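The values are calculated or read from the model by the stated rules, or taken from the named source; none is laboratory data. Computed from a predicted model, the values in this text were never measured in an experiment. Cβ placement follows ideal geometry from the backbone for every residue including glycine, while neighbour counts extend to all protein chains displayed.
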Amino acid sequence: MPPMATKDTTHAWDAQTYDQISAPMTRMGTTVLDRLQLTGNETVLDAGCGSGRVTAKLLERLPDGRVIALDGSEAMLTEARANLAGFGARVTYLRADLSQELPAFGPVDAILSTATFHWVTGHADLFKRLASHLRPSGQLIAQWGGFGNVANVIDALDSVRSEFRELADWDGPWWFPTTDDVTALLETAGFQVHRAWLTREYVTLETREELERYLGTPVLVAHLDRVGPAHHATLVTKVADRLPGMTINYVRMNVVAARLPHTTSVGRGYHQP
């Protein structure tokens, strides 16, 4: 939710912990999945599959179709393989960083992405890459952190930033755009944006232990990478101390778009990675 790009390959994701605490991300992701219009025989790219919980729900809607489960974290893909084993050959697993050029696959009929794009850099190029692997008129259904996302966590971080030299001059890993920003980039990349909007979501943890676990994975994973293992517990504790309660305030960017039918640049032929 926030979690996963790709889940950026530079971040040391704890895939098992993420899977265990992923209920909020799965809940939000299922809402996004419901916006995808499917007949059941499509090929869909799950761009940032994480541990595969939303991917499983996607596969249930594709009895005669298949999914390319893409993630930047090998640990996440290992967890996804375990969770999706029952779907057999209808899933292809692909390790790739959405911030970089993608391996050959496609064209796909649709792209689904949940809790991922805020971890990616270079969004103008990202959207062009996605369009190039999508059939004309193919759907892009996505949700990620939008303008104002996790503002209470960012405020808490800012209050302790000076205590960690690795964070002092670092703006952070996230991209939380406005709807105007997203619409302009998608249209330039060759998409027709049917709708782009922000929604508020709240995740409330029941105990302090759960809060710190959730902050560590997934919210602060990039910050913990940056400060190093010796300071992980200290950073999480200090941020938790400065939060006004047990709730993480999410603001989600929601996009329903389609590749323009007259564009011609389609990704190279699909292959088994």
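Here are the numbers for the structure shown:
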quantity	calculated
Members of segment 209-243 found to be over 18 Å from the mean Cα position of the chain (by Cα) and in a loop (DSSP other than H, G, I, E, B), listed by number	GLY228, LEU243
Single condition ALA168 does not satisfy, out of (1) buried (at least 18 other Cβ atoms within 10 Å of the Cβ); (2) out of contact with any Pro (no Cβ under 7 Å at 6 or more places or on another chain); (3) not polar (S, T, N, Q)	(1)
Selection status of PRO177, over 30 Å from HIS262 (Cβ atoms), of a type outside the set (A, V, I, L, M) and part of a loop (DSSP other than H, G, I, E, B)	no
Matching residues in segment 100-120 - criterion: being assigned to a loop (DSSP other than H, G, I, E, B) and over 12 Å from the mean Cα position of the chain (by Cα)	GLN100, GLU101, LEU102, PRO103, ALA104, PHE105, GLY106, PRO107
Flag if GLU206 is at pLDDT below 95, within 22 Å of PRO24 (Cβ to Cβ) and assigned to a strand (DSSP E or B)	no
Scope segment 29-53; condition surrounded by fewer than 24 Cβ atoms within 10 Å (Cβ to Cβ) and either of a type in the set (Ser, Thr, Tyr) or part of a helix (DSSP H, G or I) (or both); matching residues	THR30, THR31, VAL32, LEU33, THR39, THR43, ARG53
Complete set of residues in segment 141-174 that are of a type in the set (A, V, I, L, M, F, W, C) and either in a helix (DSSP H, G or I) or touching a Ser or Thr at 6+ places or on another chain (Cβ under 8 Å) (or both)	ILE141, ALA142, TRP144, PHE147, ALA151, VAL153, ILE154, ALA156, LEU157, VAL160, LEU167, ALA168
Matching residues, segment 145-163, being on the phi < 0 side of the Ramachandran plot, surrounded by 15 or more Cβ atoms within 10 Å (Cβ to Cβ) and among the hydrophobic types (A, V, I, L, M, F, W, C)	PHE147, VAL153, ILE154, ALA156, LEU157, VAL160
Residue within segment 111-124 that is surrounded by fewer than 18 Cβ atoms within 10 Å (Cβ to Cβ), out of contact with any Asp or Glu (no Cβ under 8 Å at 6 or more places or on another chain) and over 19 Å from GLY50 (Cα atoms) present	yes
